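These notes concern the structure reproduced below.
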Amino acid sequence: MKSTLFILFLLAVGSTACFAQCDKNLRLTASKTEHLDSSNNLERTADEQTVIEITKSNISVLIEDGKQTLTGVIKSNVCDWKTPFKEGKTVINTTLSNENGDGEKEYTLTIEGKDGKITLLAESVQMPDRKLRLPLDKFEEKK
């Protein structure tokens with residue numbers, strides 16, 4: 001009986017820790033963008049600084065110090081991290097548009113941590129034959 005209670009306690013603490021991470025404001029930084037085809041084959045790589053900020057309800061993407069800025073409202077966020085900021089996955093559905101409100105596109109953003117490496121994969125239903133993958137240099141809580 002004690003071991004069952006102890007295991008339930010550990011599960012509750014672990015779930016709370018993972019959920020707490022999912023509820024945080026995040027700042028993701030990447031120094032390159034990989035352009036993929038529909039089969040995830042690498043087509044080309046661009047060296048460009050990208051900063052992505054995620055709150056509970058919004059997302060903003062700043063590319064190359066303001067050369068391009070995209071913003072959007074998060075429609076759904078499914079988050080499951082075994083080890084916060086290291087091993088796990090977040091899937092965000094959002095609509096992103098540029099600073100003028102033009103070019104609105106639906107995106108699924110998948111942030112995945114595996115073997116100590118974290119990547120963001122951006123897929124749009126309007127561009128099914130093109131995907132963007134950003135190997136993240138930083139994945140941190142935004143204070």
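The values are calculated or read from the model by the stated rules, or taken from the named source; none is laboratory data. Bear in mind that the values here come from a model prediction, so they are computed numbers and not experimental data. Every residue, glycine among them, receives a Cβ derived from its backbone with ideal geometry; neighbour counts consider all protein chains shown.
Taking the conditions (1) modelled with pLDDT of 95 or more; (2) small (Gly, Ala, Ser); (3) surrounded by 14 or more Cβ atoms within 10 Å (Cβ to Cβ) in turn, Ser31 satisfies each one other than (3).
When Leu70, Leu109 are screened for being surrounded by 15 or more Cβ atoms within 10 Å (Cβ to Cβ), more than 17 Å from Phe139 (Cβ to Cβ) and in contact (Cβ under 8 Å) with a residue 24 or more places away in the chain, only Leu70 passes. If I filter segment 74-93 down to residues being more than 11 Å from the chain's Cα centre (by Cα) and without any contact (Cβ under 8 Å) to a residue 60 or more places away in the chain, which single residue comes out as surrounded by the most Cβ atoms within 10 Å (Cβ to Cβ)? Once the filter is applied, the top-ranked residue is Ile74.
Can you name the residue in segment 45-61 that is in a strand (DSSP E or B) and of a type outside the set (A, V, I, L, M) and is also nearest to Ile111 (Cα to Cα) among such residues?
Here the residue is Glu53.
Comparison of Glu64, Glu123 shows that the only residue that is closer than 17 Å to Thr33 by Cα and at pLDDT below 90 is Glu64.
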